[in-house]
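Everything on this sheet refers to the single structure shown next.
The values are calculated or read from the model by the stated rules, or taken from the named source; none is laboratory data. Since the model is a prediction, treat every value here as computed from it, not as a measurement. Cβ coordinates were reconstructed from backbone atoms using ideal geometry, including for glycine residues, and neighbour counts include every protein chain displayed. These area figures cover heavy atoms from the full protein model, side chains too; ligands, DNA and RNA do not enter into them. Shrake-Rupley method; radii C 1.70, N 1.55, O 1.52, S 1.80 Å.
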Amino acid sequence: MLAAPVVGTRLDLYAETLATWNARINLIGRAGQDALHTRHLADSLAVLPLLPSGARRLVDLGSGAGLPGLPVAIATGIETHLVDRDQRKCAFLREAARLTAAPVVVHQGDFFTLPSLGADVLLSRATAALATLLDAGRRHARKGGVMLLHKSDSQGDEQALAGDAWRFDLQVFANPTDVRGRLWRIANWAPRRG
């Protein structure tokens with residue numbers, strides 16, 4: 001972890017850059033900009049206590065505005081790969097990473113077509129259904145890797161639907177930044193054999 005003043009300054013710079021770009025390409029919506037620190041940044045950083053010790057590579061699937069991957073990279077100094085299809089969002093991610101000196105690599109493309117990124121931890125916030133993320137995780141996680149997902153308390157059906165095709169260990173944690181939010185930690189996932 002970096003020193004708190006350094007992290008705070010870099011997170012503020014990220015927030016300023018996001019606000020500027022949001023006016024042009026609508027990364028988080030106009031309403032989201034008003035709650036950038038309290039909702040988006042704090043929510044992204046809520047996964048920090050769940051990161052396994054010794055994690056050396058994080059991959060944020062469907063990174064969009066860089067949430068949660070970019071704030072986590074800024075706070076931890078861990079090499080983080082941000083994946084998004086949208087060229088404009090990737091341009092923003094590269095600029096934000098440059099300005100904040102975050103240890104980030106940006107990949108433009110579909111996470112199902114990219115070569116394996118060998119993640120210790122896969123991150124995702126409002127990207128896709130659990131079954132889709134488990135499938136992507138099979139491609140991009142190292143053996144023994146985990147997923148840390150931001151989900152809402154109303155997404156219980158996702159667990160059941162994913163359970164039809166996948167087996168996995170799931171721990172659910174309250175999200176301290178969102179009373180309706182949950183943080184899912186998933187390990188040992190594999191497809192069920194028919």
Which value in deg cm²/dmol, rounded to the nearest 500, describes the helix-derived mean residue ellipticity at 222 nm for the chain, given -39,500 (n - 2.57) per DSSP H run of n ≥ 4 and division by the residue count?
-11500 deg cm²/dmol
GNM on the chain, Cα springs under 10 Å; top mean-square fluctuation among L93, L70, L48 goes to L48
For the Cα atoms of the chain, what angle does the longest principal axis make with the long axis of helix 4-25, in degrees from 0 to 90, nearest 10?
90 degrees
Could you work out how far the C-alpha centroid of segment 44-59 sits from that of segment 114-188, in angstrom?
13 Å
Roughly how many Å² is the accessible area per residue of segment 79-172, as a whole number, for a 1.4 Å probe?
47 Å²
Show the residues, 5+ positions off or on another chain, whose built amide H is closer than 5 Å to the amide H of R142.
A119, D120
Taking θ as phi - 60°, what are the ³J(HN,Hα) couplings along segment 122-128 by the Karplus curve (6.51, -1.76, 1.60), each to the nearest whole Hz, with x for Gly and Pro?
9, 10, 7, 9, 6, 9, 7
Would you mind telling me the share, in percent, of accessible area of the chain contributed by carbon and sulfur at probe 1.4 angstrom?
51 percent
With θ taken as phi - 60° and the coefficients 6.51, -1.76 and 1.60, list the Karplus ³J(HN,Hα) couplings across segment 137-151 in order, rounded to whole Hz; mark glycine and proline as x.
x, 4, 7, 10, 9, 6, 4, x, x, 10, 10, 10, 10, 8, 9
Which whole-number percentage describes the relative contact order of segment 123-173, with Cα contacts under 8 Å and a sequence gap of 6 or more?
52 percent
Using a Förster distance of 22 Å, the FRET efficiency for D153-A129 (Cβ separation, nearest 0.05):
0.90
For segment 176-185, 3J(HN,Hα) per residue [Karplus equation, 6.51 cos²θ - 1.76 cosθ + 1.60, θ = phi - 60°, Hz, x = Gly/Pro]:
x, 9, 8, 4, 9, x, 9, 10, 9, 10
